Amino acid sequence: MASNNDPESDVDTEAGQHGGVQSVDRALAVLEILARDGHAGVSEIAEEMGIHKSTVSRLLGSLVSRDIVHQNNERGKYQLGFGILRLASTIPGRLSLVREARPVLESLAEDFKETVNLAVLRSNYAVNVDQAMGPSTLATYDWVGSLTPLHATSSGKVLLAALSADERDRILKETGLPARTPRSITSRDTLENQLLDISHDGYCVIREEFEIGLNSMAVPVYNHMGSVIGAVSISGPAFRFDPEKTPGLLEALKQAGLQISANMGYTGR
């Protein structure tokens, strides 16, 4: 066995370190491809990186095990997973959004006794990054980290409405408009008309489009540049919660969105 002072030992150590660095570089390259394209298969990634498919499979397997990457079972392709939020939360901008929104979410949930969520756009989905629970015993589901479809949720439609036509077209072509319930919008023309109304009115209401028995309303959150960076929504059981008929809710929700936006540096349109 080579001693610690043996040059051969130094060579082995250097080789191991080089292999480790190469694996890190390759894993980062995979993440960059997925972030750029939205999703990709093993063969596509291998071809672009110029490495064997088995190497890509091992890298993806490691990333999937840590929830950094998610595999779409229907198509077998990979996309960034919501576990990446654990890493993104250390970025000052993203951490600031959650921190600045928290008291506003809690106040809204307390006032209207329902569940309030903060969502952002991530890999063609609306991802809930924070939640304040209403005092009702029915408001018990933890949505934080959940990937929800853009076309069937109030937050998702708010985020869709803020995108450019080209970006929205790309996403909807990739995801389609699958029906989550019989009330889900599956017509592109109908959806586009709704998005125009959302842009004009500054809010979105859905009734049982994502889940039977669940209604919600959402408004946008802006950054200092006036770009939509998130959506704040309030949801509750359909038998008792009709957003547009709840006294004071629309104005309170809009004010909540503007307060969070102001906390992020937004000064007005």
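The values are calculated or read from the model by the stated rules, or taken from the named source; none is laboratory data. Just so we're clear, the structure is a prediction, and the values are computed from it rather than from any experiment. Here the Cβ is made from the backbone with ideal geometry for all residues, glycine too, and neighbour counts use every protein chain on show.
Side notes on the structure shown:
- Test result for Gly93, exposed (fewer than 15 other Cβ atoms within 10 Å of the Cβ), over 18 Å from the mean Cα position of the chain (by Cα) and modelled with pLDDT under 85: no
Rundown of residues vs (1) within 24 Å of Ile68 (Cα to Cα); (2) among the polar types (S, T, N, Q); (3) modelled with pLDDT of 90 or more; (4) not assigned by TED's automatic domain parsing to the domain that holds Ile68, yes/no style:
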| position | (1), (2), (3), (4) |
| --- | --- |
| Gln131 | yes, yes, no, yes |
| Gly134 | no, no, no, yes |
| Thr137 | no, yes, no, yes |
| Thr140 | no, yes, no, yes |
| Leu147 | yes, no, no, yes |
| Gly156 | yes, no, yes, yes |
| Leu163 | no, no, yes, yes |
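- Within the stretch 238-266, being surrounded by fewer than 14 Cβ atoms within 10 Å (Cβ to Cβ), out of contact with any helix residue (DSSP H, G or I) (no Cβ under 9 Å at 6 or more places or on another chain) and touching a residue at least 24 places away in the same chain (Cβ under 8 Å) holds for Phe239, Gly265.
- Flag for Asp130 being surrounded by fewer than 18 Cβ atoms within 10 Å (Cβ to Cβ) and either over 30 Å from Glu32 (Cα atoms) or among the acidic types (Asp, Glu) (or both): no
- Here Thr13 passes the criteria (1) in a helix (DSSP H, G or I); (2) outside the structural domain of Arg170 (by TED's automatic domain parsing); (3) surrounded by 11 or more Cβ atoms within 10 Å (Cβ to Cβ); (4) at pLDDT 60 or above except the one numbered (4).
- Residue within the stretch 188-205 that is surrounded by 14 or more Cβ atoms within 10 Å (Cβ to Cβ), out of contact with any helix residue (DSSP H, G or I) (no Cβ under 7 Å at 6 or more places or on another chain), assigned by TED's automatic domain parsing to the domain that holds Leu105 and in contact (Cβ under 8 Å) with a residue 24 or more places away in the chain present: no
- If only residues of the stretch 72-85 that are in contact with a Gly (Cβ under 9 Å, 6 or more places away or on another chain) and on the phi < 0 side of the Ramachandran plot are counted, the one that is modelled with the lowest pLDDT is Arg75.
- Within the stretch 158-182, considering residues that are part of a loop (DSSP other than H, G, I, E, B) and not hydrophobic (A, V, I, L, M, F, W, C), the one farthest from Arg122 (Cα to Cα): Pro182
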